[in-house]
1. Name the single residue, out of those in the stretch 131-160 being of a type outside the set (A, V, I, L, M, F, W, C), at pLDDT 85 or above and over 23 Å from Asp20 (Cβ atoms), that is surrounded by the fewest Cβ atoms within 10 Å (Cβ to Cβ).
2. Are there any pairs with C-beta distances below 8 angstrom linking a residue in the stretch 141-155 that is within 18 Å of Glu40 (Cα to Cα) and part of a loop (DSSP other than H, G, I, E, B) to a residue that is among the charged types (D, E, K, R) and at pLDDT below 90, with the two at least 6 apart or on different chains, and if so which?
3. Please pick out the residue among Arg97, Arg115 that is surrounded by 16 or more Cβ atoms within 10 Å (Cβ to Cβ) and over 14 Å from the mean Cα position of the chain (by Cα).
4. Looking only at the stretch 35-44, filter to residues that are crowded, with 18+ Cβ neighbours inside 10 Å and farther than 18 Å from Asp99 by Cα; which one of those is modelled with the lowest pLDDT?
5. Considering every residue within the stretch 162-173, establish whether at least one is part of a loop (DSSP other than H, G, I, E, B), more than 23 Å from the chain's Cα centre (by Cα), surrounded by 10 or more Cβ atoms within 10 Å (Cβ to Cβ) and without any contact (Cβ under 8 Å) to a residue 40 or more places away in the chain.
6. Only one of these is loosely packed, with under 15 Cβ neighbours inside 10 Å and hydrophobic (A, V, I, L, M, F, W, C): Leu23, Leu14, Leu32, Leu64. Name it.
7. Does Leu47 count as hydrophobic (A, V, I, L, M, F, W, C), open to solvent by less than 80 Å² (accessible area, probe 1.4 Å) and either assigned to a loop (DSSP other than H, G, I, E, B) or modelled with pLDDT of 95 or more (or both)?
8. Give Ala90, Ala82 a once-over and let me know the one that is surrounded by 14 or more Cβ atoms within 10 Å (Cβ to Cβ), of a type in the set (Gly, Ala, Ser) and touching a residue at least 12 places away in the same chain (Cβ under 8 Å).
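The values are calculated or read from the model by the stated rules, or taken from the named source; none is laboratory data. This is a predicted model, so every value here is computed, not measured. All Cβ positions, even for glycine, are placed from backbone atoms using ideal geometry, and neighbour counts span all protein chains on display. With ligands, DNA and RNA removed, areas are computed over all heavy atoms of the protein, side chains included. Shrake-Rupley method; radii C 1.70, N 1.55, O 1.52, S 1.80 Å.
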Amino acid sequence: LAADCGLNSDDLILTGFISDDDLLALYNLCNLFVFPSWHEGFGLPALEAMRCGAPAIGANTSSLPEVLGWDEALFDPYSDEAIAKKIERALTDDQFRADLKKNAAQQSKAFSWDRTAKRAILALEHFHSKRQRAPASVTDAAHRPKLAYVSPLPPERTGIADYSAELLPKLAGYYDIEVIID
């Protein structure tokens, strides 16, 4: 496909898996981070790039508008023309690229693992206290609530795959789980 589009063999690099250290270096070195995902869980790669100060643009779908936080940074991921125009603008319009960097610095501060963890703990404590006040229910295997768990699992090389492998056995004590993988 690259050759059909006129690219030479050294114009495109398909890296495969990238270590966290190398990914951090790439985020810090890039002139533009482009995330054309059609559907995304949260958009962590875009947020990571923005946290490193990279100007970032991405799809106007799923969670990316919330993560990027600026309509001018968005494009239609189903339109090659829209993606190309936004990339060209970001690479040739110095003021737009500066505005993208400013947006990255401000918007990335809106997200915090610490705040997320505190909110999750509060929600779990609230749920637990409600459950303590509720009448006891049957928790045997035949009456456990059903849970659909969508996540990659090892040997997939993602951080979430390993985490899911550790979490699933603990959840199995409380739920009848159907695991959905690629």
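1. Ranking the qualifying residues of the stretch 131-160, first place goes to Lys146.
2. Pro152/Asp182
3. Details: Arg115 fails: surrounded by 16 or more Cβ atoms within 10 Å (Cβ to Cβ).
Residue meeting the stated conditions: Arg97.
4. Restricting attention to the stretch 35-44, the residues satisfying the condition of being crowded, with 18+ Cβ neighbours inside 10 Å are 35-36, 40, 43.
Imposing the further condition that a residue be farther than 18 Å from Asp99 by Cα reduces the set to 36, 40, 43.
Numbers: Pro36: 96, Glu40: 84, Gly43: 92.
Residue satisfying both the conditions and the ranking: Glu40.
5. Yes, the stretch 162-173 contains at least one residue that is part of a loop (DSSP other than H, G, I, E, B), more than 23 Å from the chain's Cα centre (by Cα), surrounded by 10 or more Cβ atoms within 10 Å (Cβ to Cβ) and without any contact (Cβ under 8 Å) to a residue 40 or more places away in the chain.
6. Details: Leu23 fails: loosely packed, with under 15 Cβ neighbours inside 10 Å; Leu32 fails: loosely packed, with under 15 Cβ neighbours inside 10 Å; Leu64 fails: loosely packed, with under 15 Cβ neighbours inside 10 Å.
Just a single option satisfies the conditions, and that option is Leu14.
7. Numbers: hydrophobic (A, V, I, L, M, F, W, C): yes; open to solvent by less than 80 Å² (accessible area, probe 1.4 Å): yes; either assigned to a loop (DSSP other than H, G, I, E, B) or modelled with pLDDT of 95 or more (or both): yes.
When the stated conditions are applied, Leu47 passes them.
8. Details: Ala82 fails: touching a residue at least 12 places away in the same chain (Cβ under 8 Å).
Answer to the check: Ala90.
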